[in-house]
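**Student:** Mind looking over this structure? Questions follow.
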Amino acid sequence: MKTLKQKLVDRDKVCGSHVLMNDFISSDIVSSLDYDFIWVDTEHSCIDNAALLNHIAIIKNKGKSVLVRVHQDDFNHTKHVLEMGPDGIIFPMINTREEAEKAIKSTYYPPRGNRGCGPLRACCWGGESLTDYKKREDDFIRCVQIETRQAVENLKDILTVDGIDCFIFGPCDLSASIGKFSEVFSDENLYWIKRGTEILKKAGKSIGVSYGGTSDGEALKRWNDLGMNLISSGSDYEAIRSAGELQLELLKKAQGRN
């Protein structure tokens, strides 16, 4: 059976969902479903390091792959996440080759990178030798997000950075960067996304999109048709809200209050 890493290298279709709530119970629930991976988000959420460790542990214990989106341009935080032993990491808002190189180097030990030595859970709390752990560096998944017009314009240069397994579009932030905030399917925004996907397709790269908080199947199909082989959509809080709204509607209907 292929690992998530192998699927990304082969550009297989994979899907995941987002976890943004602090309590690990949300990960316990979501990871019981047949997603290819769970995306735990620390960029926009209030998930702290202690909560993140619980999320990672429970998802891994369910036999699922976990990707963590880290803080923007915060390599001390990146270091903490790496030591927790997720399957991969997602760097947001990568706009230039220099930013991409700096991010990817932070995930490799010297001489390939500049990661500090001190793995904790990642090394089974000392149960695995550092030498053996380092041999698995290439098993780790490294993703960068393309979320601005500048990033698309610099994409050919960003592609020259070795070690990136997937390029994930952030369509909402991209729309904001061109003055079309939240108009993700506007002609202007789609122009830049299509321009980026064509560059990535020609380079044989895995292409993804993060489109959280939606149950719109037609929108998801549009991303698939644009060439995204990785699609991450929906979230723990969105699922609770949607279910709550439906239950409220049914209750009021039963009581004749509609």
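The values are calculated or read from the model by the stated rules, or taken from the named source; none is laboratory data. This structure is a prediction, so every number in the text was calculated from the model and none was measured. No Cβ is skipped: glycine too gets one built from the backbone with ideal geometry, and neighbour counts run over all protein chains shown. Surface accessibility is based on the protein's heavy atoms, side chains included, excluding ligands, DNA and RNA. Shrake-Rupley method; radii C 1.70, N 1.55, O 1.52, S 1.80 Å.
**Student:** Mind checking which lysines have their C-alpha under 28 Å from K64, skipping anything on the same chain fewer than 8 residues away?
**Tutor:** In chain and number order, the partners are K2, K5, K7, K13, K79, K105, K134, K135, K201, K205, K221.
**Student:** Which FRET efficiency value, to the nearest 0.05, do you get for E198 and K2 by plugging their Cβ-Cβ distance into 1/(1 + (r/R0)^6) with R0 = 22 Å?
**Tutor:** The pair E198/K2 has a calculated efficiency of 0.25.
**Student:** Let me ask something else. Can you give the three extents of the C-alpha atoms in the range 150-258 along their principal axes, from longest to shortest, in whole Å?
**Tutor:** Result, largest extent first: 62, 29, 21 Å.
**Student:** Right, something else. Under 14 Å from a label point 7 Å along Cα→Cβ of K79: give me every residue in the range 114-152 with its amide N that close.
**Tutor:** Within reach of a label on K79: 114-120.
**Student:** Tell me what the chain gives for mean residue ellipticity at 222 nm when only DSSP H runs of n ≥ 4 count, each as -39,500 (n - 2.57), the sum divided by the residue total, rounded to 500 deg cm²/dmol.
**Tutor:** Helix contribution divided over all residues of the chain: -12000 deg cm²/dmol.
**Student:** Treating only the Cβ atoms of Lys and Arg (+1) and Asp and Glu (-1) as charged, compute the dipole magnitude of the chain about its Cα centre; round to the nearest 20 debye.
**Tutor:** Magnitude of the dipole: close to 480 debye.
**Student:** Quick one: what does P(r) look like for the chain with 10 Å bins over all Cα pairs, in whole %?
**Tutor:** With 10 Å bins starting at 0, P(r) equals 7, 30, 36, 19, 6, 2, 0.
**Student:** Ignoring any ligand, DNA or RNA, what whole percent of the accessible area of the chain comes from carbon and sulfur when the probe is 1.4 angstrom?
**Tutor:** 51 percent
**Student:** For the range 1-120, compute Rh as the Kirkwood radius over C-alpha pairs and then the Stokes-Einstein diffusion coefficient at 4 °C and 1.567 mPa s; write the answer in µm²/s, rounded to an integer.
**Tutor:** Answer, rounded: 87 µm²/s.
**Student:** Excluding D12 itself, what net charge comes from residues whose Cβ is under 14 Å from its Cβ, given Lys and Arg +1 and Asp and Glu -1?
**Tutor:** Residues near D12 contribute +3 overall.
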